[in-house]
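Novice: Dropping a structure here in structure tokens format, bear with me for questions.
The values are calculated or read from the model by the stated rules, or taken from the named source; none is laboratory data. Computed from a predicted structure; not experimentally measured. Glycine also receives a Cβ, built like all others from the backbone with ideal geometry; neighbour counts cover every protein chain displayed. Surface areas here come from the heavy atoms of the whole protein model, side chains and all, with no ligands, DNA or RNA. Shrake-Rupley method; radii C 1.70, N 1.55, O 1.52, S 1.80 Å.
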Number of protein chains: 2
Amino acid sequence: MPIRAYIRAVARAATTTDAFNAVAEPRRRQILDVLAQSERSVTSLVDHLGLAQPQVSKHLRVLRAVGLVEVTEEGRQRLYRVNGRPLQEIHTWVSQYQSMWDERLDRVEALLNELDVSKGRERDG
Amino acid sequence: MPIRAYIRAVARAATTTDAFNAVAEPRRRQILDVLAQSERSVTSLVDHLGLAQPQVSKHLRVLRAVGLVEVTEEGRQRLYRVNGRPLQEIHTWVSQYQSMWDERLDRVEALLNELDVSKGRERDG
DNA sequence: GCCATGCATGCCCATAAGAGCATATATTCG
DNA sequence: CGAATATATGCTCTTATGGGCATGCATGGC
């Protein structure tokens, strides 16, 4: 009996796996950008984005799954707002490569060190 | 005749669409992390990562497609190296949300403004 | 109670994924 | 030339995606 039977074939990771996968979809980034300005109801998002309501709800579901948005029930509306924290993982990872395109980084970093503004920074390899 | 016939059904965007999609896959981030330390051949990557060679080649293909790695043919080897530039788009987008988790940002920003370091005075040197 | 409004779900479709495995295409060596 | 090494491709299989569209389920107004 091949163990294969138990192995769940994994295609691409689910969009709900983490922030990386969730924000790979441009519409979801767009939704976050809109919500970043102000809390909004689904309908308000629909009007603002010109997408179909079900699509918006589905995208919001994904964003909720990874913690990028939070909801408040307000009567029959649901007010969505952004929680940027899950993006920190992305930021941390990407920042490691920042020196590859931003030459000013070195100067800024030197400055930060000098002024001791960046307390918990670890530059480990 | 419905125009639908021409519409290409788009499921999830291709991994080769942009950096966002390309790095959503953890193995590809891993590959970039390894290559960030030093240029490497495919076989070297395979040994280092413990992945199957075809998989590695395929991931590299995706990374190449979005410009995140570059290749040099060296005999029968191909030496891959990272090009971080395509990550800038991600960094820019994510950074907009940075204040949502990093309180120190305000201080740093104020500092930069005050010292006028972020002006890029010597950028075109 | 009844209907409208606001959202969430369900279903269908076409597509592309990533892993495993086999194989094709160089290139170097004897 | 033939064998071995280094990579890239091809194929199968299973699965999740995102859009379109219909519908389910609350909540609020009258």
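Novice: Give me a count of the residues in the range A:32-58 that are farther than 15 Å from A:Arg81 by Cβ, assigned to a helix (DSSP H, G or I) and of a type outside the set (A, V, I, L, M).
Specialist: Number satisfying all stated conditions: 7.
Novice: Separate question: Just checking, which of A:Gly75, A:Gly50, A:Gly84 is under 21 Å from A:Thr16 (Cα atoms) and not β-branched (Val, Ile, Thr)?
Specialist: A:Gly84
Novice: Is it true that B:Arg29 is near DNA strand C (Cβ under 7 Å from one of its atoms) and either in a loop (DSSP other than H, G, I, E, B) or within 21 Å of A:Thr17 (Cα to Cα) (or both)?
Specialist: no
Novice: Do you know which residues across the range A:12-26 are away from DNA strand C (no atom under 14 Å from the Cβ) and assigned to a helix (DSSP H, G or I)?
Specialist: A:Ala19, A:Ala22, A:Pro26
Novice: Suppose we filter the range B:32-69 for residues that are open to solvent by 60 Å² or more (accessible area, probe 1.4 Å) and within 12 Å of chain A (Cβ to nearest Cβ); how many remain?
Specialist: 1
Novice: Mind checking which pairs have a first residue in the range B:36-64 that is in the same structural domain as B:Pro26 (by TED's automatic domain parsing) and a second that is surrounded by 17 or more Cβ atoms within 10 Å (Cβ to Cβ) and assigned to a loop (DSSP other than H, G, I, E, B), Cβ under 6 Å, 6 or more apart or different chains?
Specialist: B:Val62/B:Thr15
Novice: Do the conditions hold for B:His91, that is, is it farther than 20 Å from A:Val94 by Cβ and more than 15 Å from DNA strand C (Cβ to nearest atom)?
Specialist: So B:His91 fails the test.
Novice: Name the residues in the range B:41-52 that are in contact with a Leu (Cβ under 9 Å, 6 or more places away or on another chain) and within 10 Å of DNA strand C (Cβ to nearest atom), would you?
Specialist: B:Leu51
Each row is one residue, and each column tells you yes or no for (1) open to solvent by less than 80 Å² (accessible area, probe 1.4 Å); (2) modelled with pLDDT of 95 or more.
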site: A:Leu79; (1), (2): yes, yes
site: A:Gly84; (1), (2): yes, yes
site: A:His91; (1), (2): yes, yes
site: A:Ser95; (1), (2): yes, yes
site: A:Ala110; (1), (2): yes, no
site: A:Val117; (1), (2): yes, no
site: A:Arg123; (1), (2): no, no
